[in-house]
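Here the structure is laid out as structure tokens; the discussion comes afterwards.
The values are calculated or read from the model by the stated rules, or taken from the named source; none is laboratory data. Keep in mind it's a predicted model, so treat the numbers as computed, not measured. Cβ coordinates were reconstructed from backbone atoms using ideal geometry, including for glycine residues, and neighbour counts include every protein chain displayed.
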Amino acid sequence: MTSGSTELGELLDAWFAGWTALRSYRTSFETGYHAALRLDRSGDWEYFISDPEPADFAVLAAKVAQAENRAVSVLGPDIHRYVAQGHAAGLGMLSASEQMMVARMEIQDNQDPFLGDPELTLKVDRMGGRRAASTCQARFSGTISRGGLVLASGKVAVYGDYAVFDQIETHADHRRRGYGRLLMQSLAASAKEYPVTTGLLLASTDGQRLYAKMGWRNVSAVTVLVPRARLERDMAAG
């Protein structure tokens, strides 16, 4: 294993811990790889692996192919190889547009942003619950609202030296007004109450543009593979 793939594996470990804590997912490591039971999405397990060797990936791909609603997300640069090997196991590509991104937390704002609009309310609350105590030092959820209407929302978990951001979303009717940036700044300020050094998140294509402007950088593509029967079912459903 190269030093680069070792680093990617460490980033995956930290991101997975924060992400599953924020979403309260049941987790498993019985295959030797991270798995989350996504009852809110597919209803089955999604597996995560970083820059896998062909033999390791073949074993995991076979596991995913056993049930139509399973998935595997592969972090690493060799998208064509992952897709080709997944195809041989009966899997097809669902997506390859997401990126894992990182940021140095020292360059992120360490105080709540100035809203500049008296009608806006920015609120960040500490999340409780058993899962936070077992995997993360802290979890926070934040919202920006106006008159009771939530304009943007998001979460961050503190796991060791990492701040793991998730579900940073702006309402469709209120995008491109800076609310996502404001929310990220506020969540970062809460996370920096702890000695975090690195921010982590998975970003969509739209999110990547926003985060890049805030000093985040891409570290790995995320290739999502699912059984071909699921792709065919979804296409038939329109």
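Residues in the stretch 32-45 that are under 16 Å from residue 75 (Cβ atoms) and among the hydroxyl-bearing types (Ser, Thr, Tyr): 33 only.
Let me confirm something: among 131, 70, which residue is surrounded by 17 or more Cβ atoms within 10 Å (Cβ to Cβ), closer than 23 Å to residue 43 by Cα and at pLDDT below 95?
Details: 70 fails: at pLDDT below 95.
Answer to the selection: 131.
Can you pull out the strands (runs of 3 or more DSSP E) entirely within the stretch 1-73 that have at least 3 residues that are touching a strand residue (DSSP E or B) at 6+ places or on another chain (Cβ under 7 Å) and over 19 Å from residue 227 (Cα atoms)? Output list reads 26-28. Among the residues making up the stretch 48-85, a single one is over 16 Å from residue 38 (Cβ atoms) and basic (Lys, Arg): 81. Per the listing 200, 187, 225, the residue uniquely assigned to a strand (DSSP E or B), modelled with pLDDT of 90 or more and more than 13 Å from the chain's Cα centre (by Cα) is 225.
Checked across the stretch 198-211, the condition of being buried (at least 21 other Cβ atoms within 10 Å of the Cβ), of a type in the set (Val, Ile, Thr), in the same structural domain as residue 161 (by TED's automatic domain parsing) and touching a Phe, Trp or Tyr at 6+ places or on another chain (Cβ under 8 Å) holds for no residue. Taken over the stretch 160-184, the residue count meeting the criterion of being farther than 19 Å from residue 196 by Cβ and part of a strand (DSSP E or B) is 2. There is no residue in the stretch 76-88 that is without any contact (Cβ under 8 Å) to a residue 60 or more places away in the chain, under 24 Å from residue 218 (Cβ atoms) and buried (at least 19 other Cβ atoms within 10 Å of the Cβ).
When residue 231 is tested against (1) of a type outside the set (D, E, K, R); (2) within 30 Å of residue 52 (Cα to Cα); (3) outside the structural domain of residue 72 (by TED's automatic domain parsing), only condition (3) is not met.
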